[in-house]
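Written below as structure tokens is the structure these notes are about.
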Amino acid sequence: MAYEFRPNPRESTELLPSMSYLLLASNSVGTIIRAYSTGRNWLLAFIFLIYSSFFLLEYCFSAYHRLPRNEKSGRKNFLAVAIWCLVTVIMFGFTYQFTPFFSFAAAAPLYAIAVAGSAIIFYVYIIYDGDEECSNRCSENASDRNVIFCGEQLEIIFEKI
């Protein structure tokens with residue numbers, strides 16, 4: 001199930017995101033200056049890609065979680081695909097940037113982690129998307145120790161030992 005954001009009205013969480021944006025901006029500016037002064041234009045493009053993807057992802061997450069949970073609309077589908085694409089771009093961007101520091105044997109698991117992460121985000125936001133039918137069946141069969149995968153409606157029944 002996609003995480004449903006419900007802020008606690010008794011807590012103020014405005015300081016932490018503001019600090020993270022400030023740190024991200026200051027690190028990005030410092031890296032941009034170093035990349036520009038050394039003539040590494042590909043690093044400038046990478047920083048711009050990650051920076052813009054991060055802010056677009058934050059916008060998409062907030063817009064997605066403001067929509068009703070069970071709503072089936074084109075906007076919700078667009079936001080789910082955008083979230084999946086942006087997370088995938090960020091994961092593969094960092095993987096691509098860091099694999100030259102490793103041998104092939106160490107770099108292959110990094111790509112495997114990026115593929116697995118992308119597949120999990122795809123499943124959570126596009127295939128599953130808080131399917132109520134699955135949630136109802138899971139709660140009904142919880143006493144029988146049934147495990148139900150809702151994406152393809154596969155059922156694996158574990159016998160009591």
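Our estimate of slack between Ala45 and Ile113, defined as 0.36 nm per intervening residue step minus the Cα-Cα distance, is 22.1 nm. Sort the stretch 40-123 into rounded, prolate or oblate with this rule: let a ≥ b ≥ c be the square roots of the eigenvalues of the Cα gyration tensor; rounded if a/c is under 1.5, and if a/c is not under 1.5, prolate when a/b is larger than b/c, oblate otherwise. It is oblate, given that a/c is not under 1.5 and a/b is not larger than b/c. Spin-label model, Val81/Ala106: points 7 Å from Cα along the beta carbon direction are separated by 3.9 nm.
Taking amide H positions as modeled 1.01 Å from N, with prolines and chain starts lacking one, the residues under 5 Å from Asp129 and 5 or more places away or on another chain are Ala2.
Oblate is the label for the stretch 8-74, because the ratio a/c of its alpha-carbon gyration tensor axes (a ≥ b ≥ c) is 1.5 or higher and a/b is not greater than b/c.
Only the coordinates and a few stated rules stand behind these numbers; no lab work does. Owing to the predicted nature of the structure, the values given are computational and were not obtained by experimental measurement. Note that each Cβ is placed from the backbone with ideal geometry, even for glycine, and that neighbours are counted across all protein chains shown.
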